[in-house]
Structures are given as C-alpha cells and as structure tokens.
Amino acid sequence: MAEISAPKGVRDILPGESWKWAHVFRVMQETARHFGYSEVHLPLFEHTELFSRGIGDTTDVVEKEMYTFLDKGDRSITLRPEATASMVRAYLEHRMGTLPQPVKMWCAGPMFRYERPQKGRYRQFWQVDFESLGAASPYADVEIIAISLELFRRLGLGRLEVVINSVGCPECRPEYRKRLTEYFASRRDQLCETCLARLERNPLRILDCKQESCRAVTEAAPDVYDSLCGECRDHFDTVKDGLDALGASYRLDKRLVRGLDYYTKTAYEILSGELGSQNAVCGGGRYDNLAEAIGGHHVPGVGFAAGVDRILMVMEQQECSFGPVPSVDVFAVALDDASRRNVLQLVNMLRRNSIVAEMDLGGKSMKAQMKAASSRGARFACILGENERAGGTVTVKDLATAEQRELPLSSLVAELHNKLTSTREG
Ligand code: HAM
C-alpha cells in the first residue's frame, strides 16, 4: 500500500522546530499580558454565514478559499479562515458589551485557506490575533499597531516596514468607490481579467492587484485621502500623530486596501523584505461595522493578526534568538540490572526537582547507555551500580570534561543545580 503523506499546503511542526514556536508563543503571551489582553480559545469551525457575511461575499477568501462542508445535520460549516469574525461573534454571543469597554482579547491557532501553496503561504497556517472591541477611539488603533511592533521587537525581528492607510467608512466610501469605478472604467483595456470582474463588484480591490499592467494604472488612481469625510480624516490624523508620538515609523500607502471587506478607517500591514512575494508578517485595521454585518448591535473594533509561520521564517533568516536550546541535563545509567529500579527512582527525583533527566527504557548495556547519554547531548551521566547503592551515593560524570566524582545522594540535586546554573550563565 502506498504511504500516506500530509495534504498539500499543510505541514508538521516537528521537535527540531516546535521549541522555537514555543518561544514565540511565550513572548506573545507576555506581550499580551503587558498590554492588558486576555487569551481566549475559539472554535476552529463556525457557521459558514459568519464568514460570508463578516468577511464579504466578493472577497477571495469567501469566494475561493474557504474549506466549507455540510455536517451530518446538513448545516454548512467552514473551517475558520481568520479569527476576527469569530472574536466579534463571541463578544456578541457572550454579551460582552455589558463589561467595561474595550474588551481586549487575543488568541492563537491554526487558520485554513484554500490558497495556492508557496513560500510563506500554506493552507493551514497559524495566526496570533489581537482584537480591541468596543473602542471607537483612534488611540485603540495606535495601541493595536504598537502591540504588533512590540511583539516583533521582543522577538528580535528587524528590517520591517509599517504601511498604513485609511479606507474610509460607509459615509465616504461610496463616493470614493464611484470615483474609482469611473477612473478604472475609462482604462478597462489596461486591466487584467480578474480586475475587470472586480470593477463592478469591488473596485477597491483593483488597487491591490499585483499584475504589472494594473499596478501602472493604479499608480495614478484617485487618492482615497481626497474622499475621506471629516471624521475619517480626523481619525487618521490622530492615528498618525499617535504613531509619531511613539516614534514608530510608517509609510502611507493609498493603495493598501487589504483582502477582507470589513475594514473601515485604519488599515495597516507590516512587511518584511525577507519573505519574497508573501511579505506581510501582520495585517489589521478597524472594522466598525463588522458586528452589525453578522447580525449584532454596533460595536466598533480594531485588531490585527500576525502569521506565526512567517514570523518564524523571518526569525530564522535574521538569526534571531529562540532562547535556550532544549537540552538534557542528566542521563542516568544503571551499571547492572539490579540498579535499574534505583535509576528509575533517581530520574523521578531529579525531574521533580526541575532537572531534565533521561534514562534508558530498553534494557541496554552500560556501554550502550553511556553512548545514549552522549548522543542525547546530556551534560552529566549519573551512574548507579552496586557500590553506589550500598553507599547511598551516585557517580556523576561530566560528559564535557570526562571528570568523575562520587557524591552522596542527599546533596546531588543541590550540586547539579549549582553546576547547571554556572554552565548556563557561563
Ligand atoms: P490577513 O491579512 O488575511 O488578516 O492575515 C494576517 C496575517 O496572516 C498575514 O499578514 C500573514 O502573515 C498571515 N497569513 C495569511 N494567510 C496566510 C497563509 N495562507 N499562509 C501563511 N500565513 C498567512 C486577517 O486575517 C485579519 N483577520 C486580521 C485582522 C484582525 N484584522 C483585524 N483584526
């Protein structure tokens, strides 16, 4: 029978990598805490309607990329392509409007999009998602951008570019949409097939097209800033001023429209030159009408999501630190069969005292156990035989220097802690 491999676009995160992911999540957790965000765990699948109404029917995500199926009760279910719609659903469903506002929540987990897999683009990928719900103030937008920047700073990511824009609101967008449609309609012949279809349904998305010919047309497209209403303009000015106050540099890009339809006012992305064409490590913005779009009351909100797979790619390329490499402190070795029971107890005692301890589980000879100790990269071998058992001692061999000492069992933990701390600090 043929071997079964993982489906296209998904990947396994194996031990050689998973400890690095754990470091990234630890940093995220700490950062969230310092900004007053609480972690939530939301379902991996939702009613399809949540996304079609929330993200927008004419977006690529909803039109082409969702994993949608009927469950056994004939309900249309979709694996979440993103977390924002679920966050807002949870806020509404659990009546969080009655809590002190804004409600600041974050989550991390896999998202699913049926996209063409390529470098930095997967069909199952991880996001960390931060949302500030119930906050209409532009300072909430600034805080959101500040969290993403602080997260990347703590992870050691460099050479990032923040790109921001305002996409207006239902008040001023229709006018902008009209101006765009007129502009693009008179240049139909220069637009690609996809953009011709977008012209009627979602002309703003043309601004985002990566095709050479479309980019040339969008260069001189009407400027969104000329169409913003007073409120959107003031909001955007305060966001920019807040970023200036924090010393955050950013580039304005009137063509940044993002791939999801719920955005109002602020939209932003953080780009890395290290990622090739899939260069966004993070994207987000304000979505003041999303709650209503999914059937709730008015809840202003702003948030971002960062791609964890991409963060790790950049960290690897920039040789960022992932914290201490996991290592084995002690490998316990039984000199004879009679000592195996004592080795089991020794290892148990060391682990209880926060020492990373391993032992042979397969009845190996003493020589093979010593070999296993060095192949596991253990710092010390703790050897137990007849003499040690009789004297209540352990022979500790430093595997780096081959130095060997017999120590009373009673002082072993303290001695090991001393040695391990000085090695780690050294
Ligand atoms: P998004 O721009 O679609 O926004 O995704 C956010 C980030 O997820 C991207 O910048 C990228 O790093 C990562 N990402 C997206 N698709 C893939 C993929 N196929 N493979 C690997 N990484 C990927 C959102 O999802 C919004 N919900 C963000 C948001 C939160 N807006 C407001 N609040």
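The values are calculated or read from the model by the stated rules, or taken from the named source; none is laboratory data. Computed from a predicted structure; not experimentally measured. FYI the Cβ positions are ideal-geometry reconstructions off the backbone, even for glycines, and counts take in every protein chain you see. Accessible surface is based on the protein model in full, side chains and every heavy atom, while ligands, DNA and RNA are left aside. Shrake-Rupley method; radii C 1.70, N 1.55, O 1.52, S 1.80 Å.
The table below gives the values:
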item: Where T181 falls short, out of the listed (1) touching a helix residue (DSSP H, G or I) at 6+ places or on another chain (Cβ under 6 Å); (2) closer than 29 Å to E46 by Cβ; (3) among the polar types (S, T, N, Q); result: (2)
item: Residue check for F125: open to solvent by 10 Å² or more (accessible area, probe 1.4 Å), at pLDDT 95 or above and closer than 20 Å to I311 by Cα; result: yes
item: Residue within the range 183-203 that is of a type in the set (F, W, Y) and surrounded by fewer than 16 Cβ atoms within 10 Å (Cβ to Cβ) present; result: no
item: Qualifying position, being in contact (Cβ under 8 Å) with a residue 24 or more places away in the chain, open to solvent by 10 Å² or more (accessible area, probe 1.4 Å) and in the same structural domain as T84 (by TED's automatic domain parsing), among A338, A305, A291; result: A305
item: Count of the range 130-140 residues which are buried (at least 23 other Cβ atoms within 10 Å of the Cβ) and not aliphatic (A, V, I, L, M); result: 3
item: Failed condition for Q29, given (1) open to solvent by 60 Å² or more (accessible area, probe 1.4 Å); (2) in a helix (DSSP H, G or I); (3) in contact (Cβ under 8 Å) with a residue 40 or more places away in the chain; result: (3)
item: Failed condition for S374, given (1) of a type outside the set (A, V, I, L, M); (2) part of a helix (DSSP H, G or I); (3) open to solvent by less than 20 Å² (accessible area, probe 1.4 Å); result: (3)
item: Number of positions in the range 302-339 that are more than 11 Å from the ligand (Cβ to nearest atom) and assigned to a helix (DSSP H, G or I); result: 6
item: Enumeration of residues in the range 98-113 that are closer than 20 Å to R80 by Cβ and surrounded by fewer than 17 Cβ atoms within 10 Å (Cβ to Cβ); result: G109, P110
item: Residue match in the range 312-331 (condition: more than 40 Å from the chain's Cα centre (by Cα) and farther than 30 Å from V27 by Cβ); result: no
item: Top-ranked residue of the range 250-265 - restricted to ones that are in a loop (DSSP other than H, G, I, E, B) and either in contact with a Cys (Cβ under 8 Å, 6 or more places away or on another chain) or open to solvent by 40 Å² or more (accessible area, probe 1.4 Å) (or both), ranked as modelled with the highest pLDDT; result: Y250
item: Matching residues in the range 281-296 - criterion: being in a loop (DSSP other than H, G, I, E, B) and among the charged types (D, E, K, R); result: D288
item: Where G242 falls short, out of the listed (1) modelled with pLDDT of 95 or more; (2) assigned to a loop (DSSP other than H, G, I, E, B); result: (2)
item: Among the residues listed as E358, E274, E269, the single one being in contact (Cβ under 8 Å) with a residue 12 or more places away in the chain, crowded, with 21+ Cβ neighbours inside 10 Å and acidic (D, E); result: E269
item: So V396, is it touching a residue at least 60 places away in the same chain (Cβ under 8 Å), of a type in the set (A, V, I, L, M) and surrounded by 14 or more Cβ atoms within 10 Å (Cβ to Cβ); result: no
item: Residues located in the range 141-166, provided they are buried (at least 24 other Cβ atoms within 10 Å of the Cβ) and closer than 30 Å to P222 by Cβ; result: D141, I144, I145, S148, N165, S166
item: Inter-residue pairs, beta-carbon under 9 Å, first of a type in the set (G, A, S) and in the range 136-153, second in a helix (DSSP H, G or I), 6+ apart; result: A136/H235; S137/H235; S137/T238; A146/G242; A146/L243
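Each row is one residue, and each column tells you yes or no for (1) assigned to a loop (DSSP other than H, G, I, E, B); (2) under 14 Å from D261 (Cα atoms).
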{"position": "E175", "(1), (2)": "no, no"}
{"position": "T181", "(1), (2)": "no, no"}
{"position": "R198", "(1), (2)": "no, yes"}
{"position": "L204", "(1), (2)": "no, yes"}
{"position": "C214", "(1), (2)": "no, no"}
{"position": "V217", "(1), (2)": "no, no"}
{"position": "P222", "(1), (2)": "yes, no"}
{"position": "Y225", "(1), (2)": "no, no"}
